[in-house]
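No value in this document is a laboratory result; all are computed from the given coordinates. All values derive from a computational prediction rather than experimental measurement. Backbone-built Cβ (ideal geometry, glycine too); neighbour counts: all protein chains shown.
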Amino acid sequence: MEKLMAALKAQIVEQLNLQEVKPEEIGDDQPLFKDGLGLDSIDALEIIVLLQQHYGIRIANPEQGPEIFHSVRTIAEFITAHQTAK
Amino acid sequence: MYNGEAYITGSCVIRDNRVYRDGELLLETPRELELPEFLRAGYDHFSGQYPKFHKMDPLSKLGWLAAEVLLKETPLNGYPRESVGLILANKSASLDTDLRYYDSVKDIASPALFVYTLPNIVMGEISIRHGFKGENAFFTTDVFDREFMVGYISQLFLEKAVSACLCGWVEVMGPAYEVMLYKVERAGDGGLVFNADNLQKAASI
């Protein structure tokens, strides 16, 4: 899980072009949107693309978005659960 | 009775890896520095602390940076936000970004690129930064038609649709770019009268 979260942080920084954020500065449980990392709705779409490109995962139910994308940890848990279910 | 006269109270020119304000060279980077690196240098020099800049396309970065240079020391704070307009023009619209978006569609379309596939997005970025809510328009013409721009904007002043505005030319296509951005106000102590000749004069380096 720790390795996956570290990889996710690096991918988020690269995919979302967060040039003033270092991957290690993103907390595992830090909210990604609003007052947390400050991501917006376009960033959410980019994370969906990231999941598809890097992990082959498509979000089937958009209503799950806020829950899945809450933090790096929740995304990592979603990826792990998805890979285990395969 | 107000006759629609307005004044050019500031200008910013960006070309050839140089940034000028009111004719004064403020930043120059080596010619071999490509546009993305030049824009980053401009951001670091004039602004910082605005991470969204890095997500913008080159057109938005150029317009945003020029507005930053123009308004940093003399913002248009004295006017109601609804009376500050933005009127811009260029030759290539958003084609520079459109082509990159088209390339991305071959794989998985990039939402971050898609949102910049309209030329007027640059005005949105400037408006968000400075809180402008007034009239805005973006024109696409082969060359910077100063007579047209003066005529259009003078009418906005005459109708009292604006009390101040940013206007000018923000062009980018691949490595080629040029910005001539002007601050125009209804009252302008010492400013040049807003006409086509003075637009040219204000951007003469």
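Straightening the chain between residue B:161 and residue B:5 buys 54.8 nm, computed as 0.36 nm per residue apart minus the Cα-Cα spacing. In this simple spin-label approximation, residue A:53 and residue B:196 carry label points 7 Å from Cα along the Cα→Cβ vector, and these lie 4.7 nm apart. With a simple spin-label model that places each label point 7 Å from the Cα along the Cα-to-Cβ direction, the separation between residue B:26 and residue B:105 comes to 3.8 nm.
In this rough spin-label picture, where each label sits 7 Å from Cα along the Cβ direction, the residue A:64-residue A:22 distance is 3.4 nm. Given R0 = 25 Å, the distance between the Cβ atoms of residue A:34 and residue B:34 translates into a calculated FRET efficiency of 0.10.
Both radii are taken from the alpha-carbon atoms of the stretch B:7-202; with Rh as the Kirkwood radius, Rg/Rh is 0.96. Please report the base-10 log of the normalised intensity I(q)/I(0) for the protein assembly as shown, using a Debye sum with one equal scatterer per alpha carbon and no solvent, at each q in 0.09 (1/Å). Treating every Cα as an identical point scatterer, log10 I(q)/I(0) equals -0.51.
Full extension of the segment from residue B:82 to residue B:173, taken as 0.36 nm per residue of separation minus the current Cα-Cα distance, would add 29.6 nm. Averaging the Cα positions of each part gives two centres, and for the stretch B:52-116 and the stretch A:44-86 these lie 30 Å apart. Computed from point charges on the beta carbon alone (+1 for Lys and Arg, -1 for Asp and Glu), the dipole magnitude for chain B about its Cα centre is near 440 Debye.
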